[in-house]
Amino acid sequence: LEKMGEIIYKIVENAEPEKNEIQPDVLKEARIVENMVTSIAAVLEIGERALYACPDCGGNLWNITVDHATKRYRCHIGHSYTEKDLLLKQHESIESTLWIALRMMEERKMLLIKMSHQETQRGFIRLAASHKKGSDNLEVHINKLKDLLSITQKEKVYNEGNEKPG
């Protein structure tokens, strides 16, 4: 065990690297990565346009099939995903958008409540009732959104192997 590092070093130092020919599609994709931002024409050379948008930049994604089993997606900006990564990134984007929507709806509800109180004090009963009705309607949607986010959180925990959704 004490000599293991020395032995591995000698093996690596004396080893002749294998000469492998790089496939043309791999070279094209490597050039895209090197340039970071490339042209759509360059991405078209290595794949066909997918139905999905890039979750990071919103641009088009292209299917890149390495072998019959492996699929990847790449945008012309340089973002790249496996199918699993794309699914995860889409989930994160959806969840983030829902949290933002919830925050904005809560803020709007509070503003409508404040305006309802102000209009009541000024004697504008119909306008106050309209604002109150708007805040009540928002409360219904807020609760539905909270339920949805709660389910999403339970699924995330379940997918991480910690507990079943319930």
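The values are calculated or read from the model by the stated rules, or taken from the named source; none is laboratory data. Predicted model only: the values in this text are computed from it and were never measured. Please note that ligands, DNA and RNA were not included when accessible areas were found on the heavy atoms of the full protein model with its side chains. Shrake-Rupley method; radii C 1.70, N 1.55, O 1.52, S 1.80 Å.
Across the cross-link table entries 89/109; 109/146; 89/133; 89/144, which are compared at the Cα atoms, the separations over 26 Å belong to 89/109; 89/133. Per residue, how many Å² of accessible area does the stretch 95-146 show with a 1.4 Å probe? Ligands and nucleic acids excluded, the result is 73 Å² per residue. For the pair residue 146 and residue 130, the difference between a 0.36 nm per residue extended length and the Cα-Cα distance amounts to 3.3 nm.
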